[in-house]
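Everything on this sheet refers to the single structure shown next.
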Amino acid sequence: MKVTGGEKDLLSIIGELGELGEPRWVMQTYARAVKLALKPVAEAAKNFAPWEYGNLSDAITVTSRKVKGENISEGRMGVNSQAWFVKRGESGKLSSTGKLTRPVAYAPTIEFGGKYVQAQPFIRPAYHAKGRPEQLLPHVKKTLVRAIKRRTKFLTPGVK
């Protein structure tokens, strides 16, 4: 998710806080706000994900991070590349030959399809249902405003 000039109120809030000498707090709060805004999108993706053993839906996560060298925080919703699951046999039971597999290895094949696999999209429908910027920005703004109010409640009235 990227905030552009279209959401001037949000950008001005972030800019003013950065000028007040709190850039680190602003970036942490913004990253947390983006992460909270993406949670409903992750839940929708989990609902859309094909479910055989639940491995794919269990691996869907939301993360946020600060982009190195830039004053930008970004959020990501997708399949956790660190998740490992035991591959089950045809019967659905764990076998002694069960192998560890990463859902990230087969997630693109499920999302986009492959030579022998029909596509079963789950990320794109979640994005279209709940993840558009015009749907996420009000949540981000609400979280930022709430955090700012908590942060500044100790200030003397009239002092800015």
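The values are calculated or read from the model by the stated rules, or taken from the named source; none is laboratory data. If you're wondering where the values come from, they're calculated on a predicted model, not measured in any experiment. In this analysis, Cβ positions are derived from the backbone assuming ideal geometry, glycine residues included, and neighbour counts consider all displayed protein chains.
Residues in the stretch 104-143 that are in a helix (DSSP H, G or I) and of a type in the set (Lys, Arg): 4 in all.
In the stretch 9-20 there is no residue that is modelled with pLDDT of 70 or more, assigned to a helix (DSSP H, G or I) and touching a Gly at 6+ places or on another chain (Cβ under 9 Å). Residues in the stretch 86-104 include at least one that is within 23 Å of Lys39 (Cα to Cα), of a type in the set (A, V, I, L, M, F, W, C), out of contact with any helix residue (DSSP H, G or I) (no Cβ under 8 Å at 6 or more places or on another chain) and at pLDDT below 80. Every condition in (1) more than 18 Å from Lys130 (Cβ to Cβ); (2) surrounded by 17 or more Cβ atoms within 10 Å (Cβ to Cβ); (3) touching a helix residue (DSSP H, G or I) at 6+ places or on another chain (Cβ under 8 Å) holds for Ala31 except the one numbered (3).
One line per residue, one yes/no per condition, for (1) surrounded by 11 or more Cβ atoms within 10 Å (Cβ to Cβ); (2) modelled with pLDDT under 85; (3) of a type in the set (Lys, Arg):
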| site | (1), (2), (3) |
| --- | --- |
| Thr61 | yes, no, no |
| Ala83 | yes, yes, no |
| Tyr116 | no, no, no |
| Ala129 | yes, no, no |
